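Step one of this worksheet: look at the structure below.
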Amino acid sequence: MIDTLRLTAEEASGLLERGEVSPAELHAAYLGAIEERDGELNAYLRTVAELDGEGVPIAFKDLISTRGVETTAGSRILSGYTPVFDATVATRCREAGLPLLGKTNMDEFAMGSSTENSGFGPTRNPWDPERVPGGSSGGSAAAVAAGLAPWALGSDTGGSVKQPAALCGVVGLRPTYGTVSRYGILAFASSLDQIGPLTKTVRDCALLYRTIAGRDPCDSTTVDLPGPVELPEGEDLRRVRIGLPRQMLELEGIEPGVARAVESALDLARELGAEVAECELPRSVEYGLPCYYLIAPAEASSNLARYDGVRYGLRVDEAWELDAMYERTRDAGFGDEPKRRIMLGTYALSAGYYEAYYGQAQKVRTLIRREHEAVFECFDLIASATSPTVAFPLGAKTQNPLAMYASDLLTIPSNLAGLPGLSIPCGLADALPVGLQLIGPQFSENLLFRAGHALEQALAFDAVPARLAGAAT
């Protein structure tokens, strides 16, 4: 019997290479686990029964275009939309022999931090089904944590890979902007969106990043990697200098249990040979959130204008006049959060306000990038909690958008600067996972993997949710 709860992607690959299981048996084991456990979690929007590869199966967040498989970005406005082409990351996974298990649930158009904004119902956290899995890649994170996929792809705009990774107790990477193609990705905010892996281990994360990264002629923002992606093997952090932003340590709203788990992980980093000291990111922490919530909605307003009921997806046919059809289709198809952000973004881009809002936010973004560059003159990595809190109860923040937005306070600044970030589980608080965020300069993924792997080995965190481990035994 294949234990999908504990099996890593690397271990699954070994089973296939040794002929201990067949690709069909492995694929079927995960489909069986989905059938058994996903009725409670709602991590998947749809599964794929056909085996289209001989390697380790994978799940995709539902904004990654997949030829012949419905792709909705978690929104009813795209119900029934079936792409006729693959996104570049889907093509690269297909070429690597990774069969698709299915498409995972998400906050609508990646707008949210809890996967409660999905047009198809919320995803639940495998550690506690009464709590959120984080977002917007909550379906992908929950699927990996619950053993419903050995690994998965999500997207990260303001923290949508790192934050659900933290809340579900898995590993998540937001790569350097431009190292992974956005071609075929249903866009939210084009200057921020990046596809990234969600996995059980740091080595799995490096393996999947190696598969999807690299220049793509279909995406002019992509670049060549400066060198090969290395699989981490070392177990020490000698000569690694880690900065702790004082403003993040003192941030109001960080739960005491989260702070203790992160502090313990940093004590381990010191024992492994790292130099750990405080640093300063005052502008990034103070202005990151308002800056993000001007830039991202403005770009969303532009990107989501294409969903109008004319070419694909939902169309409300009650209206004979074109403008009325637009209005009714968009009103019926979009949920509250996309509507809120479209209106915010449209206002920020409107005549007379563009320079005061969007233009000013771009200037602040430049200051945030320069502030990070200054820190990296003295440090190799920056560390903090990934999320200020552990997974919160379903419905706790749905009526307070500002409280929900604050879930990404710690992940947004480095995203605005286009920097890579890795979240690894570093312990429990109130029996729920806590994530440690490591940020590096551009193209420092190999260093992140090395540091993350060393800490992962020292922490020895059991990534299997206790309630599921008990049910399995």
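Readers should treat all values here as calculations from the given coordinates under stated rules, not as data from a laboratory. Note that the coordinates shown come from a computational prediction; the quantities given were computed from them, not determined experimentally. Counting neighbours? That spans all protein chains shown, and the Cβs are built from the backbone with ideal geometry, glycine included.
Key figures for this structure:
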item	result
Cα-based reach from Lys61 at 22 Å (exclusive), listing lysines while leaving out same-chain residues under 8 positions away	Lys103, Lys162, Lys200, Lys339
Rounded to whole Hz, the Karplus (6.51, -1.76, 1.60) HN-Hα couplings of region 431-438, x for glycine and proline	6, 10, x, 10, x, 9, 9, 10
Local net charge near Val375, Cβ-Cβ under 12 Å (Lys/Arg +1, Asp/Glu -1)	-1
Cα centroid of region 148-175 to Cα centroid of region 93-125, whole Å	11
Total formal charge among the other residues, if their Cβ is under 11 angstrom from that of Tyr326, Lys/Arg +1 and Asp/Glu -1	-2
Under Karplus coefficients 6.51, -1.76 and 1.60, residue-wise ³J(HN,Hα) of region 40-56 in Hz, glycine/proline x	7, 9, 6, 6, 9, 8, 7, 10, 10, 7, 6, 8, 10, x, 10, x, 7
Separation of the Gln457 and Arg46 label points, Cα + 7 Å toward Cβ, nm	4.3
Simple Cβ-charge dipole of the chain, Lys/Arg +1 and Asp/Glu -1, about Cα centre, in debye nearest 20	640
Span from the region 176-228 Cα centroid across to the region 425-459 one, whole angstrom	19
Kirkwood-based Rg to Rh ratio, the chain, C-alpha trace	0.95
Of Ala49, Ile64, Leu153, farthest towards positive along the dipole that unit charges on Lys, Arg, Asp, Glu beta carbons give region 1-157	Ile64
For region 350-473: relative contact order, % (alpha-carbon pairs under 8 angstrom, 6 or more apart)	25
Computed label-point distance, nm, for sites Arg260 and Ala466 using a 7 Å Cα→Cβ extension	1.3
Total formal charge among the other residues, if their Cβ is under 14 angstrom from that of Gly121, Lys/Arg +1 and Asp/Glu -1	-3
Rounded to whole Hz, the Karplus (6.51, -1.76, 1.60) HN-Hα couplings of region 138-145, x for glycine and proline	x, x, 5, 5, 5, 4, 5, 5
Gyration tensor (alpha-carbon) shape descriptor, region 337-473, a/c threshold 1.5	oblate
